[in-house]
Amino acid sequence: MITISLCMIVKNEERVLERCLNTARGFADEIIIVDTGSEDKTREIAERFTKKVYEFTWKDDFAAARNEAFSKATMDYCMWLDADDVVTEENQKKLCRLKETMDTDVDMVMMKYATSADANGNTLFSYYRERLMKNGRGFLWEGRVHEVIVPAGKVVYSDIEIHHQKTGAGDGDRNLRIYEKMLKEGEILNGRNKFYYGRELLAHRRYGDAQKVLEEFLAGEGWGENKIEACLNLAECFRAMGQKEEGVLVLLRGFLYGTPRGEACFELGRYFQEKEEWEQAIFWYELALKLTPSGEMGAFVRWEYYGYLPEINLCVCYDRLGDAEKAYAYHLKSKARRPEADEVKWNDRYFKEKGMDEPNLRIGHMIQ
């Protein structure tokens, strides 16, 4: 059975650290905490779980801090978590089974990272991350912000899902501040850094700046999945700036880098729906429903774009075309996913006023 060193970097995490470590103690054979300058009870909490708590002077470099934590590991594999991550009981069991069954020639295990969920705990946004790395294999973190370990060797994908459950706002300007410090110091951003810098600018609603950086990224070298995502991000910039047709063109440009994604198809459907071109909107929404998320390719997956969002908008589009049966069928599909959503409840009332509800056998038969 393999052994795992859990390696974490923390700073002022007294609100969430105990929650995280309680979910990790069942599978971690060693816990290493590198504190980068906490001024609260973080260190005190960490010492309840491990004697291996170290100090590291923060220098606006996440990779350096993570490499410091990994350098302390003594077990077969290194695993990382952020303090506001949680491993559910189900995923703890999966991790324990992985320890018992995994071949020792595996170099890296990719696990799902769920960073957003609905009120019922259903994942809304996820992507695969390098999560478990073989110790002594020479893996190093790269990047002062949005750090990464480049996959190498024998890589396997697991259905284990780590949940990111942030509490509080945190320092939302930190990543952007680091990127702009890098530029001020004369550093030339590589393709990956340009991609994430553009996304940080978008998050800060600096749409014109984000547009420029993302277009620079698309004009250069970069990973295909990042280029597809950059097209989605760039379309969001154009939409925010009132340039919707430019947004449509960049969404279509994304098809050059890989097969269509549900996210892009949904946005194309929304464009035509807003123009009241119902049939074209229906085409793109229904295409989104037919597609399968390409999670193992490393894509950011917005799960509602492959289900709930196209369905509830198809309800509207078919209703506007006068096809009440199809509209109602899509209403029931969206209701099955999110029965408590305000828009679903509104549609429920709307269809009942029209004399259509679930006991209607003809409609019910149609949607089976």
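The values are calculated or read from the model by the stated rules, or taken from the named source; none is laboratory data. Since the structure is predicted, the reported quantities are computational estimates derived from the model, not experimental observations. Here the Cβ positions follow ideal geometry from the backbone for every residue, glycine too, while neighbour counts run over all protein chains shown. Quick note on the areas: whole protein, heavy atoms, side chains included, nothing else; ligands and nucleic acids left out. Shrake-Rupley method; radii C 1.70, N 1.55, O 1.52, S 1.80 Å.
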remark   = The helix 324-337 Cα axis meets the longest alpha-carbon principal axis of the chain at an angle in degrees, between 0 and 90 and rounded to 10, of 20
inquiry  = Run through region 1-92 and list the GluC sites (Glu not before Pro) located in a DSSP loop whose Cβ has at most 13 other Cβ atoms within 10 Å.
reply    = Glu39, Glu47
query = If you compute Kirkwood radius over Cα pairs in Å for the structure shown, which of [x] 27.4; [y] 22.9; [z] 23.7 do you land on?
reply = [y]
query = Between exposed trypsin sites (Lys or Arg not before Pro) in the chain, where DSSP calls loop and at most 16 other Cβ atoms lie within 10 Å, what's the longest gap?
reply = 276-353
key: region 166-282, Rg to Rh (Cα coordinates; Rh as Kirkwood inverse mean 1/r)   = 1.03
task = Express in nm, to one decimal, how much length is gained between Ser116 and Thr167 on full extension, taking 0.36 nm for each residue of separation and deducting their alpha carbon distance.
result = 17.1 nm
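For a quick check of your reading of the filter: which GluC sites (Glu not before Pro) in region 239-310 sit in a DSSP loop and have no more than 15 other Cβ atoms within 10 Å? Numbers along the way, then the final one.
On the way: sites: Glu245, Glu246, Glu263, Glu267, Glu274, Glu276, Glu277, Glu279, Glu286, Glu296, Glu304; in loops: Glu276, Glu277.
Here the GluC sites (Glu not before Pro) that fit, given the DSSP loop and packing criteria, are Glu276, Glu277.
What 222 nm value per residue comes from the helices of the chain, counting each DSSP H run with n ≥ 4 as -39,500 (n - 2.57) and dividing by all residues, nearest 500 deg cm²/dmol?
On the way: 15 runs with 172 residues, N = 368.
Value at 222 nm, helices only: -14500 deg cm²/dmol.
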ask   = Hey, got a sec? Which GluC sites (Glu not before Pro) in region 153-242 land in a DSSP loop and have at most 11 other Cβ atoms within 10 Å?
value = Glu185, Glu221
ask   = Over the chain, what is the relative contact order in whole percent, taking alpha-carbon pairs under 8 Å and six or more residues apart?
value = 11
ask   = Net charge near Lys290, counting Lys/Arg +1 and Asp/Glu -1 over other residues with Cβ under 15 Å of its Cβ?
value = -1
key: Helix axis angle, 207-219 relative to the chain longest principal axis, alpha carbon, degrees   = 80
inquiry  = Quick check: net charge around Gly143, other residues with Cβ under 9 Å of its Cβ, Lys/Arg +1 and Asp/Glu -1?
reply    = -1
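Could you give the dipole magnitude of the chain about its Cα centre, charging the beta-carbon of Lys and Arg +1 and that of Asp and Glu -1, in debye to the nearest 20? Walk me through the intermediate numbers first.
Numbers: 54 positive and 65 negative charges, 42 e Å.
About 200 debye.
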note = The distance between the Cα centres of region 90-147 and region 22-37, in whole Å, is 15
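Could you please report the charge total around Ala235, scoring K, R as +1 and D, E as -1 over all other residues with beta-carbon less than 10 angstrom from its beta-carbon? Display every interim value, and only then the final one.
Working: positive: Arg239, Lys244, Arg253; negative: Glu236, Glu246, Glu263, Glu267.
Its environment carries a net charge of -1.
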task = Could you order Thr115, Thr104, Thr42 by accessible surface area, starting with the largest, using a probe radius of 1.4 Å?
result = Thr104, Thr115, Thr42
